[in-house]
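Take this structure first; my questions come after.
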Amino acid sequence: MIDSNEKGNHKPLRVAVLVSGSGSNLQVLIDAMQAGALPIEIVGVISNREDAYAITRAKDATIPVAVLSHVASGKRMGIKTFETHASAQLTTWQPDLIVLAGFMRVLSAEFIDNAPAPMINLHPALLPAYKGLDTYQRVIQAGDRHHGCSIHVVTAELDAGTVLTQALLEINHKDTANNLQTRVQKLEHQLLPWTILLLAKGVLSLNNEQLPNQQPTCMPTLPLKLYLDS
Ligand code: GRF
């Protein structure tokens with residue numbers, strides 16, 4: 001008898017996604033999951049904004065959603081309260097991996113250290129350069145030749161965890177901050193599913209631990225880079 005591992009029928013990686021905005025990256029993951037191109041199950045989506053279009057995308061795909069709005073009844077929800085609710089929700093969903101995809105709140109060290117699964121973040125710059133916000137304006141002002149996006153392990157220090165993968169493009173002299181953002185987003189839509197595939201297959205590992213259902217493998221030199229035209 002062939003067991004399910006030999007047939008490659010591993011259980012999908014349980015992924016929770018945290019969002020704040022449009023959710024175009026979430027949509028890419030939903031599409032890849034539904035097409036059978038990515039061995040994941042999106043077990044839930046947490047949004048800290050009740051007007052995030054990402055919520056509609058998740059609901060359309062019948063994925064459970066928790067809206068933990070940063071403003072409720074005119075009052076701002078403090079980060080501690082958000083984290084208490086988010087922690088409880090994540091514990092219920094039991095993810096193997098937590099993906100911050102356009103999630104715009106800064107999380108505390110306590111939350112990150114006690115999260116029920118490793119966490120990765122998508123950042124629109126070639127880290128360690130340009131941590132923080134407004135990366136497109138800053139690279140143009142600096143006259144840089146390249147820009148792109150990175151996926152890194154989330155640690156207590158903002159945008160500072162190990163960079164796993166990067167996708168980069170050449171900046172044109174006509175690029176504005178707006179169209180550079182559009183170009184970089186196209187890279188993100190390729191980098192995020194590719195990175196999760198590498199994690200799911202065990203080509204990449206987090207914190208020296210394998211995610212469930214992986215065969216141990218040699219770690220490549222990080223970050224892995226994709227040079228793309230967009
Ligand atoms: C992405 O461009 C990401 O780099 C930034 O927020 C954006 C999220 O886009 N942090 P979306 O919500 O996935 O469309």
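Going toward the positive end of the dipole of the chain, with +1 on Lys and Arg Cβ and -1 on Asp and Glu Cβ, which of Thr155, Thr165, Leu122 do you reach last?
Comparing the listed Cα positions along the dipole, Leu122 ranks first.
Let me ask something else. To the nearest 10 Å², what's Arg145's accessible area with a 1.4 Å probe?
150 Å²
How much solvent-accessible surface does Ser108 expose, in Å² to the nearest 10, with a 1.4 Å probe and all protein chains in place?
Near enough 30 Å² of accessible area.
Dipole of the chain, Cα-centred, from +1 at each Lys and Arg C-beta and -1 at each Asp and Glu C-beta, to the nearest 20 debye?
Roughly 340 debye, rounded to the nearest 20.
Among Trp194, Trp93, what's the order by accessible area (1.4 angstrom probe), most exposed first?
Working: Trp194 75, Trp93 25 Å².
Highest to lowest solvent-accessible surface, that is Trp194, Trp93.
Moving on to the next point. Picking from Gln94, Gly202, Ser22, whose Cα lies most toward the positive end of the charge dipole for the chain (charges on Cβ: Lys, Arg +1; Asp, Glu -1)?
Comparing the listed Cα positions along the dipole, Ser22 ranks first.
Further question: Which Rg and Dmax, in Å, describe the Cα atoms of the chain?
Over the chain's Cα set, Rg and Dmax evaluate to 17.7, 63 Å.
Let me ask you something else. Using a 1.4 Å probe, how large is the accessible area of Thr155, given in Å² and rounded to the nearest 10?
My reading of the accessible area for Thr155 is about 60 Å².
Further question on the same structure: Could you state the number of Å between the C-alpha centres of the stretch 33-48 and the stretch 89-122?
Centre-to-centre distance over Cα atoms comes out at 15 Å.
Ranked from the most accessible area to the least, with a 1.4 Å probe and all protein chains present, what is the order of Met33, Met119? Don't jump to the answer; show the numbers that get you there.
Working: Met33 45, Met119 5 Å².
From most exposed to least exposed: Met33, Met119.
Go through Asp96, Asp31 and list them by solvent-accessible area, largest first, probe radius 1.4 Å.
Most to least solvent-accessible, the answer reads Asp31, Asp96.
Also, quick follow-up: Return the calculated 222 nm mean residue ellipticity for the chain, to the nearest 500 deg cm²/dmol, obtained by summing -39500 (n - 2.57) across DSSP H runs with n ≥ 4 and dividing by the residue count.
For the chain, the value works out to -9500 deg cm²/dmol.
Further question: Among Ile112, Tyr227, Gly78, pick out the residue whose Cα is farthest towards the positive end of the charge dipole of the chain, where Lys and Arg carry +1 and Asp and Glu carry -1 on C-beta, about the Cα centre.
Of Ile112, Tyr227, Gly78, it is Gly78.
The values are calculated or read from the model by the stated rules, or taken from the named source; none is laboratory data. Keep in mind it's a predicted model, so treat the numbers as computed, not measured. Every residue, glycine among them, receives a Cβ derived from its backbone with ideal geometry; neighbour counts consider all protein chains shown. Calculation scope for accessible area: heavy atoms of the full protein, side chains included, ligands and nucleic acids excluded. Shrake-Rupley method; radii C 1.70, N 1.55, O 1.52, S 1.80 Å.
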